[in-house]
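Contents: one structure, followed by commentary.
The values are calculated or read from the model by the stated rules, or taken from the named source; none is laboratory data. Given the structure is predicted, the values throughout are model-derived calculations rather than measurements. Because the Cβ atoms are built from the backbone with ideal geometry, glycine has one as well, and the counts that use them run over all protein chains shown.
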């Protein structure tokens, strides 16, 4: 019985902050954001920094596939985070469903591999939203449950505490202006998940991002 309890404790996702949290909010946010009605989250550019030994054990193209999967998982988790606050009455803008977002991007020939070649203003116009949320995600271990478990069994990724950093931007649709930049680094246990990561990262930002405050 004690062994089972210990096992349960070990697989519970745990995160702790490290490094400095940075949050920039444009002083004129109310000027730009007061008329916003809908925002969209697009796939984050993702980098998984594995040790050289682990890199050698991967097949050709596997790292790129992992990074793309992580990107869409971060997008989904970020969307879920904002949607939850909308349902709780703590967000005064609508959040576009990520399935619609990705479908519209695909119709315009925009994919994870080439999205960096488009400006925030161009993407916002395609999605017909007032602002877009994007950014960069860096991790030392895959966070996606399916990818992480499969690769953990395959090449032994598990065994060390992972670290992850998110650099999130919210851009105004009309001119592509950066309205918010939030940078946060965390460390996590073996059982870390994408949803747990986003909840931890966004916890401190939830009361400081203007969309979650009373509308001015």
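Testing residue 110 on (1) touching a helix residue (DSSP H, G or I) at 6+ places or on another chain (Cβ under 8 Å); (2) farther than 21 Å from residue 205 by Cβ; (3) modelled with pLDDT of 95 or more; (4) not in a loop (DSSP other than H, G, I, E, B), one condition comes back false. Which one is that?
Condition (4) is where residue 110 drops out.
What number of residues in region 80-100 are in a loop (DSSP other than H, G, I, E, B) and more than 25 Å from residue 214 (Cβ to Cβ)? So that I can check it myself, show each step before the final result.
Within region 80-100, the subset in a loop (DSSP other than H, G, I, E, B) is 88-93, 96-97.
When the remaining residues are screened for being more than 25 Å from residue 214 (Cβ to Cβ), the result is 97.
Adding up the residues that qualify gives 1.
Quick one: how many residues across region 30-47 are in a loop (DSSP other than H, G, I, E, B) and farther than 15 Å from residue 115 by Cα?
Filtering region 30-47 for residues in a loop (DSSP other than H, G, I, E, B) gives 34-37, 42-44.
Remaining after also requiring farther than 15 Å from residue 115 by Cα: 34-37.
Of the residues in that region, 4 qualify.
Inside region 160-189, can you point out the residues that are in contact with a helix residue (DSSP H, G or I) (Cβ under 7 Å, 6 or more places away or on another chain), at pLDDT below 85 and either in a loop (DSSP other than H, G, I, E, B) or more than 18 Å from residue 134 (Cα to Cα) (or both)? So that I can check it myself, show each step before the final result.
Start the filter on region 160-189 by keeping residues that are in contact with a helix residue (DSSP H, G or I) (Cβ under 7 Å, 6 or more places away or on another chain), which leaves 164, 166, 171-173, 175-177, 179, 184, 186, 188.
Then keep just the ones that are at pLDDT below 85; that gives 164, 186, 188.
Those that are in contact with a helix residue (DSSP H, G or I) (Cβ under 7 Å, 6 or more places away or on another chain), at pLDDT below 85 and either in a loop (DSSP other than H, G, I, E, B) or more than 18 Å from residue 134 (Cα to Cα) (or both): 186, 188.
For the condition crowded, with 19+ Cβ neighbours inside 10 Å and either at pLDDT below 90 or out of contact with any strand residue (DSSP E or B) (no Cβ under 9 Å at 6 or more places or on another chain) (or both), what is the one hit in 58, 50? Quick ask: steps written out before the conclusion?
Details: 58 fails: crowded, with 19+ Cβ neighbours inside 10 Å.
Result of the check over 58, 50: 50.
Conditions tested, residue by residue: (1) in contact with a strand residue (DSSP E or B) (Cβ under 8 Å, 6 or more places away or on another chain); (2) under 30 Å from residue 215 (Cβ atoms); (3) at pLDDT 90 or above.
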{"site": "1", "(1), (2), (3)": "no, no, no"}
{"site": "21", "(1), (2), (3)": "yes, yes, no"}
{"site": "78", "(1), (2), (3)": "yes, yes, yes"}
{"site": "102", "(1), (2), (3)": "no, yes, yes"}
{"site": "116", "(1), (2), (3)": "yes, no, yes"}
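In region 136-157, what residues are surrounded by 15 or more Cβ atoms within 10 Å (Cβ to Cβ) and either touching a helix residue (DSSP H, G or I) at 6+ places or on another chain (Cβ under 8 Å) or modelled with pLDDT of 95 or more (or both)?
We begin by selecting, within region 136-157, every residue surrounded by 15 or more Cβ atoms within 10 Å (Cβ to Cβ); these are 136-144, 147-148, 151-152, 155, 157.
Result: 137, 139, 141, 142, 143, 144, 147, 151, 155, 157.
Test residue 26 against the stated conditions and say whether it is modelled with pLDDT of 80 or more, more than 25 Å from residue 72 (Cβ to Cβ) and more than 24 Å from the chain's Cα centre (by Cα).
Values: modelled with pLDDT of 80 or more: yes; more than 25 Å from residue 72 (Cβ to Cβ): yes; more than 24 Å from the chain's Cα centre (by Cα): no.
No: the conditions fail for residue 26.
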